[in-house]
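*Asks:* Quick one: structure below, then a few questions.
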Amino acid sequence: MSNKVVLGLSGGVDSAVAALLLQQMAFDVEGLYLITCAGYEKGAEKAKELASQLNIPLTTKDIQKEFHQKVIQDFAQSYYAGETPSPCLDCNRLIKWEYMLRHADQIGAPFVATGHYARIIKTDLQKYELHKGLDPQKDQSYMLSRLSQYELSRTILPLGEQNKINVRAIAHEYGLRIPKNEESQDLCFLQGTNYRDFLKTHFNFQEDAGTVQLIDGTVIGEHLGLSNYTIGQRKGLPAYKHPLFVIEKRQSDNTLIVGAANELGETRFTVRKLNWISGSPPKNTHQIETKIRYQAKPVLCDLTLSSDNRAEVQSHTMLRDITPGQFAVFYQDELVLGSGIISS
């Protein structure tokens, strides 16, 4: 089997050290840099400089059109529907792995790799499991929960056993000159603008004003568009006798529902477009650890699956910020079971 591997090279320290570790594992590494949106041409120069230091070839591909079709349009549609989308997870599957694997096939490389902090373990049953990275402060398994058996079977994650301190130490030991501000940022396509301005500019996104109401229906003010708010938000709400929080964005009549802290929270929500990494749902859907945001603490939940690739999630703990459009990721200890998009 060929020892070639295609590495997603971002120009930062994580992917650079991933390249070093792959070389130490006797892999023939080729870097791939994807230009997904305006401004990423500058990043290509950083990646080129790192590839030169690492003495590996680098291919740059401009896929802005595909990125717009597969990621940005879905992002916009989700906001039009009153959700708060998180496009990075699907971007990993639809863009990064899609084009890394496509390039790998073109050059005869059996594997691809990235600098994510997560682990892939092959079981005795010839299945591939996604596990949390050993460093709990940097674990990025949440971000990879949309991948399938096929992607995992061809992926190497060299940083899964590392922590950030070790990674920086390795870069220093080998004299790598890492560009400043190398940490990747979510919503790369915004390029420093906020999402509302982005949508207005690129999609002619406009919203009507509506009322702000308490749970009992009392009108206390006006909002300028539901997309300006997210569940649990406190800032930007009308003055009241006690602090207010966003409880619900009611699309049916363009109403923002607010309430006190003790009125915020649910124990039940639904998810759609489930992705089970093993290829099928777990046999036991009770006592499943669930994270409703990347940085959220996991809580125990019970899942009731339906035939339309949805599930009802019953949390054992009150959750204050269940946000439609975000991803719920399901775990069993260190093992990532899969994920779904929160609908309500």
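*Asks:* I'd like the distance separating the alpha-carbon centroids of region 259-326 and region 70-95, in whole Å.
*Replies:* Between the Cα centre of region 259-326 and that of region 70-95, the gap is 19 Å.
*Asks:* Could you order peptides 187-193, 335-341, 212-218 by the average number of other Cβ atoms within 10 Å of their residues, highest first?
*Replies:* 335-341, 187-193, 212-218
*Asks:* Between Gly236, Gly31, Gly325, find the one with the highest GNM mean-square fluctuation for the chain; connect C-alpha pairs within less than 10 Å.
*Replies:* Between Gly236, Gly31, Gly325, it is Gly236 that shows the largest mean-square fluctuation.
*Asks:* Please report the relative contact order for region 288-344, taking Cα pairs under 8 Å with a sequence separation of at least 6, and give it as a percent rounded to a whole number.
*Replies:* 32
*Asks:* Using alpha-carbon positions, what is the distance between the centroids of region 107-155 and region 2-47, in Å?
*Replies:* Cα centroid to Cα centroid, the span is 17 Å.
*Asks:* So which residue, out of Ile120, Ile95, Ile56, gets the largest mean-square fluctuation from a GNM of the chain using Cα contacts under 10 Å as springs?
*Replies:* Result for the chain, Cα springs under 10 Å: Ile56 fluctuates most.
*Asks:* Report the convex hull volume per residue for the chain, counting only C-alpha atoms, in Å³.
*Replies:* 151
*Asks:* Along the principal axes of its C-alpha atoms, what lengths does region 266-342 span, in descending order and rounded to whole Å?
*Replies:* The Cα atoms of region 266-342 stretch 30, 26, 19 Å along the principal axes, largest first.
*Asks:* If I build a Gaussian network model for the chain, linking alpha-carbon pairs within less than 10 angstrom, which residue out of Ser141, Ser306, Ser227 has the largest mean-square fluctuation?
*Replies:* Evaluated over the chain, the most mobile residue of the options is Ser306.
*Asks:* Here is a follow-up. Which angle from 0 to 90°, rounded to the nearest 10, does the C-alpha axis of helix 13-24 make with the longest principal axis of the chain?
*Replies:* Between the helix axis and the principal axis of the chain, the angle is about 30 degrees.
*Asks:* Within region 220-273, list the chymotrypsin sites (Phe, Trp or Tyr not before Pro) lying in a DSSP loop whose Cβ has at most 16 other Cβ atoms in a 10 Å radius.
*Replies:* When the chymotrypsin sites (Phe, Trp or Tyr not before Pro) of region 220-273 are filtered for loop state and at most 16 Cβ neighbours within 10 Å, Tyr240 remain.
*Asks:* Here's another thing I want to ask about it. Can you pull the Kirkwood radius for region 220-316, inverse mean 1/r over Cα pairs, to one decimal in Å?
*Replies:* 15.8
*Asks:* Ratio of Rg to Rh for region 186-262, alpha carbon only, Kirkwood?
*Replies:* 1.02
*Asks:* Applying a 10 Å radius around every beta-carbon, put 274-286, 106-118 in order of their mean neighbour count, most first.
*Replies:* 106-118, 274-286
*Asks:* Using helices alone, I'd like the mean residue ellipticity at 222 nm for the chain: each DSSP H run of four-plus residues gives -39500 (n - 2.57), total over residue count, nearest 500.
*Replies:* Taken over the chain, the calculation gives -6000 deg cm²/dmol.
*Asks:* Taking the beta-carbon count within 10 Å as an exposure proxy, list Met100, Met143, Met1 from fewest neighbours to most.
*Replies:* Fewest-to-most ranking of Met100, Met143, Met1: Met1, Met143, Met100.
*Asks:* Where a ≥ b ≥ c are the square roots of the eigenvalues of the C-alpha gyration tensor, would you call region 4-190 rounded, which needs a/c under 1.5, or, failing that, prolate if a/b is larger than b/c, or oblate?
*Replies:* Taking the square roots of the gyration eigenvalues as a ≥ b ≥ c, region 4-190 is rounded.
Values quoted throughout were computed directly from the atomic coordinates according to the rules given, and no laboratory measurement underlies them. Keep in mind that what you see is a predicted model, and the values were worked out from it rather than measured. Cβ atoms come from the backbone with ideal geometry, glycine included; neighbour counts cover every protein chain shown.
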